[in-house]
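Enquirer: Here it is, the structure, as structure tokens.
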Ligand SMILES: [Zn+2]
Ligand SMILES: [Zn+2]
Ligand SMILES: [Zn+2]
């Protein structure tokens, strides 16, 4: 596997997360402009919420946050169907991915025309790393093909410990 297969690394220990969010929103603006689709205020806000951490975010968490905002500002809130539509938009434009095993969403570290990411999920802190390794995608497709199966969608999710949690675990054992 090559280094550049890493799309999203695990949550850095100490970092300026606002910069991650800004980068993600800038990348989304650029991608939507290129694809001629509109990143509305709500879609942008939902993307910002998904990017709230480097971990998976459930639809209900997003709804809760937007509901709180609606209580503060009538115009800004959003009803569930519009939030789900916004999530669908972000998914179909490759800006976020759905972690099937957790029924939650993560922001894509390198949004582009639909790639099949491979996800490494930390069972301790919930941090999610994303790989986009064409070798893995191709290998599964060719093994499936050998069985006469045509793959239309791949969901690769592995659970374990991120480097930080593994380090902490090792320290506690001593
Ligand atoms: Zn960050
Ligand atoms: Zn991705
Ligand atoms: Zn972890």
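Each reported figure results from applying straightforward, stated rules to the coordinates on display, with no laboratory input. Only a predicted model underlies this, so the values are computations on that prediction, with no experimental measurement involved. Here Cβ is always computed from backbone atoms with ideal geometry, including for glycine, and neighbour counts include all displayed protein chains.
Enquirer: Among the candidates 144, 170, 79, 166, single out the residue that is over 23 Å from residue 50 (Cβ atoms), more than 14 Å from ligand 3 (Cβ to nearest atom), more than 15 Å from the chain's Cα centre (by Cα) and without any contact (Cβ under 8 Å) to a residue 12 or more places away in the chain.
Expert: Just a single option satisfies the conditions, and that option is 144.
Enquirer: Right, another one. Quick test of your reading of the structure: residue 10 fulfils all but one of (1) touching a strand residue (DSSP E or B) at 6+ places or on another chain (Cβ under 9 Å); (2) under 26 Å from residue 79 (Cα atoms); (3) crowded, with 18+ Cβ neighbours inside 10 Å; (4) touching a residue at least 24 places away in the same chain (Cβ under 8 Å). Name the failing condition by number.
Expert: (2)
Enquirer: If only one of 125, 162, 108 is within 16 Å of ligand 1 (Cβ to nearest atom) and surrounded by fewer than 21 Cβ atoms within 10 Å (Cβ to Cβ), which one is it?
Expert: Checking each option against the conditions leaves just 125.
Enquirer: The conditions are (1) away from ligand 2 (no atom under 16 Å from the Cβ); (2) on the phi > 0 side of the Ramachandran plot, and residue 94 fails exactly one of them. Which is it?
Expert: (1)
Enquirer: Residues being out of contact with any strand residue (DSSP E or B) (no Cβ under 6 Å at 6 or more places or on another chain) and either part of a loop (DSSP other than H, G, I, E, B) or at positive phi (or both): count how many of those fall in segment 13-54.
Expert: Within segment 13-54, residues that are out of contact with any strand residue (DSSP E or B) (no Cβ under 6 Å at 6 or more places or on another chain) and either part of a loop (DSSP other than H, G, I, E, B) or at positive phi (or both) number 12.
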